[in-house]
Amino acid sequence: QVLANFFGVPTAMTRPDENALDYNPSRTVRENKIADIKAREKLVNSIPSPVFLSIHLNKFSDAQYHGASVLLDREVQGKPLAEQIQQCLIDGCDPLNHRKAEQADSAIYLMKAGLTGGTYERGFLSNPAEEARLRDEAYHKQLAAAVICGYLRSQSGM
């Protein structure tokens, strides 16, 4: 658990890279995936009043789809947060993105874990123009700024 301060917000990364937490080479891929999810859930639950945001990249069979999107927890606890992050992503990164924050699929375990937050899809790797933007370090900073903007707005009741 790496604790940092991001624009005045105490922050912990549950996984700093693509490597699974609690990985064991003798387990199956599925078993390691479950162990990783459980380890991340345990880490998040060790933090007082956590806000959980899982960051991903999207991919779809049709290259036309684009735009960052936010999926909120099944209990709708994170709705204000998800909506504010989605709006900040549109305002700060992609004014042509007309996506709305929506409820996560019930199959996403971490969204059923009772944590306030959501899943944040930074964009579509299947869209060549967006994939190029996602390779740009400056764009990563724009995306990060949009996320913190959404978080801060949700905390201030804007």
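The values are calculated or read from the model by the stated rules, or taken from the named source; none is laboratory data. Bear in mind that the values here come from a model prediction, so they are computed numbers and not experimental data. Counting neighbours? That spans all protein chains shown, and the Cβs are built from the backbone with ideal geometry, glycine included. With ligands, DNA and RNA removed, areas are computed over all heavy atoms of the protein, side chains included. Shrake-Rupley method; radii C 1.70, N 1.55, O 1.52, S 1.80 Å.
The figures follow:
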| item | result |
| --- | --- |
| Hey, Q64 open to solvent by 80 Å² or more (accessible area, probe 1.4 Å), at pLDDT below 80 and assigned to a loop (DSSP other than H, G, I, E, B) or not | no |
| Every pair of residues 6+ apart whose Cβ atoms lie under 9 Å, when the first sits in the range 86-114 and is closer than 30 Å to K38 by Cα while the second is at pLDDT below 70 and not in a loop (DSSP other than H, G, I, E, B) | Q103/M111; A104/L110; A104/M111; A104/K112; D105/M111; S106/K112; L110/G117; M111/G117 |
| Residue in the range 20-59 that is most open to solvent (accessible area, probe 1.4 Å), counting only those that are in a loop (DSSP other than H, G, I, E, B) and under 20 Å from Y120 (Cβ atoms) | K59 |
| In the range 67-83, residue modelled with the lowest pLDDT [restricted to those that are open to solvent by 20 Å² or more (accessible area, probe 1.4 Å) and under 16 Å from E121 (Cβ atoms)] | L71 |
